[in-house]
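These notes are about the structure you will find just below.
Just so it is clear, none of the values below were taken in a lab; they were calculated from the coordinates. Everything numeric here is computed off the predicted structure, so don't read it as measured data. Backbone-built Cβ (ideal geometry, glycine too); neighbour counts: all protein chains shown.
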Amino acid sequence: MVYTIVCHLYAKEGKDVEEKIRSKLVEASNVYVKDAGTLNWHVMQDHADPRKWTIVERYEKKSHILHFSDVHLNISESLDATEPVEMQFKYGNDAPITMLKSAVEFAKKLMPDPDFFLYTGDHVVHGDLTDKFLADTIETNVKTVARYYSTKDNDTNLDITALLGNADTTPDYTMNLTDPEAETNPSITLISAAWEDILSTSNLDWFNHSGYRVYDLDENLAVLTLNTFFAHVHSIEFRIPLTSEQLVQEETEGTELVPLFMSAAISPIYNNNPEFMIWDFDANSYEVLDFTVYGTNISSDSQEVDWKPLFKASTAYGVNSLRTTELNALVSRLASDSALLEQYYYNSKVQSYLQSPCVDVACQSKWLCTTQWYTTSEDFEACAKELEMKRSA
């Protein structure tokens, strides 16, 4: 939905005009948006009466998702929750509690009341874990987030933190079948106490049954969650449906297929910078409009972090939204602009200085193929091989 604000005021030249314009616009727009002070506006002066000014502002009413993923929290170097120690953070390792707290504290100051909080799995450190260590780590991770966002003065929805990644079972990449008599899943009931104070009784019961759920966030928006779905590579990427599939959908349904998005991680285990994201979506149409990545370099020596905004999709890639049609056009630009493709690659690991460059034909061909939503590794490898041959010719 696009709103238009029109304000008229009388003011003198110079700073008096600026101050009154800002005051009037913020006053008018506060009805609609939280971040009114960041709006842009057009100002027109009446030639017949130089004291009369007209302010026109057009903007979309946006909602926001605060998105954390893959903390891979390590609460003890010995992987024994009964022997916690003060752990340092460094590239190549999973995240200690200090890293998680620094991220949540920064996010809370940045966005104290998002429309909902999304956590897309992998709560625990990589490794061979005992049942108790697994359960204790997930509980620590969930309750650390809740300590900041599940408070009396905050109504942030934390239901969508109850997602499991492939690392949230032991051994990882495995899950027990749901017991047909008890109608609960042993792999999930082992850890589900972490959400006892967050999920309703009915949602918790269903979570224990299967690990997937439908959450009705409002009368028009439902969020579907899956359990242990593997599609994540600690990298900020997107996948667009194949052109053939897009054409079939358009011809048969008259609608667009949606893209797949991936975030990076709080854990710097793959030499990526720690990051989280804020997604903007239209509050009326629910179209995903944009995302902003917040990250930090880390210093193993000083143990200091410096969370800050790193890039915004709309400005970094010149897109007006994150619709499939917009991303199709972006892929075309990536294919013809090696500098833009290198920037996309650099952004994928949150601008880590440890990331190797991607300037040769083989690397760039693979990264162009990652933008396509292939369902098998064979299809992806075939794409990369064919594209490398074309670009080398």
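If you take the square roots of the eigenvalues of the alpha-carbon gyration tensor of the stretch 324-392 and sort them as a ≥ b ≥ c, do you get rounded (a/c under 1.5), prolate (a/b over b/c) or oblate? If you can, show how the numbers build up before the last one.
On the way: a/c = 1.44, a/b = 1.24, b/c = 1.16.
Cα axes put the stretch 324-392 in the rounded bin.
Using the structure shown, list the pairs from 90/308; 62/366; 61/312; 61/366; 108/349 with a Cα-Cα distance above 28 Å, or answer none.
Pairs exceeding the cut-off: 62/366; 61/366.
Does the stretch 240-393 come out rounded, prolate or oblate, given a ≥ b ≥ c as the square roots of the eigenvalues of its C-alpha gyration tensor, rounded meaning a/c under 1.5 and, failing that, prolate meaning a/b above b/c?
Note, shape of the stretch 240-393 comes out oblate.
In whole Å, what is the distance between the alpha-carbon centres of the stretch 98-164 and the stretch 294-317?
Centre-to-centre (Cα) distance: 20 Å.
May I ask you to order 181-194, 208-221, 94-107 by the average number of other C-beta atoms within 10 Å around their residues, highest value first?
94-107, 181-194, 208-221
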